[in-house]
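Peer 1: I am attaching a structure below and will ask some questions about it afterwards.
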Amino acid sequence: MDALDINGRYSRQVLFQAIGAEGQNKLAQARVAVAGCGATGSAVASLLARSGVGALRIIDRDYVETSNLQRQSLFDEEDARESLPKAIAAARQIARFNSRIAVEPQVADLIPANVYSLLGGCDLVLDGTDNFETRYLINDYAVKNSVAWIYAAAVASYAVTMNILPGETACLACIFPEPPRGTVETCETAGILNSAVNLVAALAATEALKFLVGARAKMRRTLLSWDVWTNERAELAALHPRSGCRACSGDFVHLAGAGRPHITLCGRNSVQIHERERPVDFAELSARLQPHGKVRHNEFVLKFWREPYEMTLFPDGRAIIKGTTDTAVARSLYARFVGS
Ligand SMILES: [Zn+2]
């Protein structure tokens, strides 16, 4: 980090004594993964990028839509028009306000088969996901490899977050051996306030800064929940691993997961298909699909409309099919138009 950054760009943060020039240099050396770049991931990535975290890996499986713009602060209308993958759109936006850091976009679904390559080499993982399946996967990876991570979630007016320092504090499975009740509520059914998102992101990003500058003792050791509408706020002690916790006892069932060939996304009437990696030639496929419906592609996605379905295809062959929650329908559509 040069003097320009210390005295210029980051000067107000360096003036904050608990960070200072030394802490700022540590941030510059840090590598952080943001798993999921929707609302919470956008806000967290934005805060950490502006704070000068040297390297950010942004992992997301989805593409930008207009209904995201109410709360997903790294995206704009143009991104939605182009259906840009969120990881790509996030990296582009961050480069506009901090070109001094490295951002690595990864357009992928975080699954057992790729968790080591996607989270490997990072000092800290931040949770921007929207489901417990992926969170348990991150938790197993983190506990097994002693990598710290920060759980963060928001739905409706409710925000919840916890720091997981493996071997030191409780892990996610210590607190929630099973996915908690209430997770059936999603942003789709219960809606979401952008202020709940920004609250949880601000808390998580601050804990991340403490971790990265070496102020571990200042990190919160509780599960904190906060409802910005009712003003109810609660903390549950998470000081130590729970005896008998599956993950803390070395049973990493989610890492060993047999994979997830089909996933129905967050209640929004779509199915994701990624049965195998099959690189797709967009130009060739585009020509082949032309007679069957409307088709459009750019460097990152191919979109194909065939009423009442809309298929979004990524270069590695993964697809999100909108207009159905029936995996059989989605699979047959995929087989027919992309290949089985
Ligand atoms: Zn545990």
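Peer 1: As an exercise, use a Förster radius of 22 Å and the Cβ-Cβ distance of residue 131 and residue 194 to find the FRET efficiency, rounded to the nearest 0.05.
Peer 2: So, using R0 = 22 Å, E works out to roughly 0.65.
Peer 1: Could you derive backbone 3J(HN,Hα) for segment 65-75 from the dihedral phi with the Karplus parameters 6.51, -1.76 and 1.60 (θ = phi - 60°), listing whole Hz in sequence and x where the residue is Gly or Pro?
Peer 2: Karplus values, whole Hz, x for Gly and Pro: 10, 4, 5, 7, 5, 4, 9, 9, 6, 8, 10.
Peer 1: Name the residues of segment 92-118 whose amide N is less than 15 Å from a point 7 angstrom out from the Cα of residue 76 along the C-beta direction?
Peer 2: So the set is 92-98.
Peer 1: Sticking with this structure for a sec: Rounding to the nearest 20 debye, state how big the charge dipole of the chain is about its Cα centre with +1 on each Lys and Arg Cβ and -1 on each Asp and Glu Cβ.
Peer 2: 300 debye
Peer 1: Could you tell me what percent of the DSSP beta bridges with both partners in the chain are antiparallel, to the nearest 5?
Peer 2: Expressed as a percentage, antiparallel bridges in the chain total about 65.
Peer 1: Next question. Take the Cβ-Cβ distance between residue 116 and residue 307 as r, set R0 to 35 Å, and report the resulting FRET efficiency rounded to the nearest 0.05.
Peer 2: 0.30
Peer 1: With unit charges on the beta carbons (Lys and Arg positive, Asp and Glu negative) and the dipole taken about the Cα centre of the chain, which residue among 198, 29, 228 sits farthest to the positive side?
Peer 2: Working it through, the farthest residue towards the positive pole turns out to be 29.
Peer 1: Between residue 287 and residue 299, what length comes free when the chain is fully extended (0.36 nm per residue of separation minus the Cα-Cα distance, one decimal in nm)?
Peer 2: Net length gain for the segment: 2.8 nm.
Peer 1: Number of Lys-Lys pairs in the chain under 20 Å by Cα, sequence gap 8 or more or different chains?
Peer 2: 8
Peer 1: Hey, another quick one. Using the 10 angstrom Cβ neighbour count as an exposure proxy, how do 162, 311 rank, fewest first?
Peer 2: Lowest count first: 311, 162.
Peer 1: Treating the beta-carbon of each Lys and Arg as +1 and of each Asp and Glu as -1, no other charges, what is the dipole magnitude of segment 97-203 about its Cα centre, to the nearest 20 debye?
Peer 2: 200 debye
Peer 1: Another one. Highest GNM mean-square fluctuation, the chain, Cα pairs closer than 10 Å: which of 328, 80, 202?
Peer 2: 328
Peer 1: Another question, then. Return the tail of the calculated pair distribution for segment 99-237, meaning the percent of Cα-Cα pairs more than 25 Å apart.
Peer 2: Of the Cα pairs, 26 percent sit more than 25 Å apart.
Peer 1: Could you give the alpha-carbon Rg of the chain over 2.2 N^0.38 Å, rounded to two decimals?
Peer 2: 1.01
Peer 1: Here's another thing I want to ask about it. Could you size up the charge dipole of segment 8-63 around its Cα centre, putting +1 on the beta carbon of Lys and Arg and -1 on that of Asp and Glu, and report it in debye to the nearest 20?
Peer 2: Roughly 120 debye, rounded to the nearest 20.
Peer 1: When 60, 316 are ordered from fewest to most other Cβ atoms inside 10 Å of their Cβ, what list results?
Peer 2: Result, fewest neighbours first: 316, 60.
Peer 1: Please identify every one of the GluC sites (Glu not before Pro) in segment 187-258 that sits in a loop by DSSP and has no more than 11 other beta carbons within 10 Å of its own beta carbon.
Peer 2: 232
Peer 1: Moving on to the next point. Which FRET efficiency, nearest 0.05, do residue 234 and residue 11 yield, Cβ-Cβ r, R0 45 Å?
Peer 2: 0.75
Peer 1: Positive end of the dipole of the chain, charges at C-beta (+1 Lys, Arg; -1 Asp, Glu), about the Cα centre: which of 18, 64, 253 has its Cα farthest in that direction?
Peer 2: 18
Taken together, the values in this text are just the output of simple stated rules run on the coordinates, not laboratory data. None of the values given here were measured: they were computed from a predicted structure. Cβ atoms come from the backbone with ideal geometry, glycine included; neighbour counts cover every protein chain shown.
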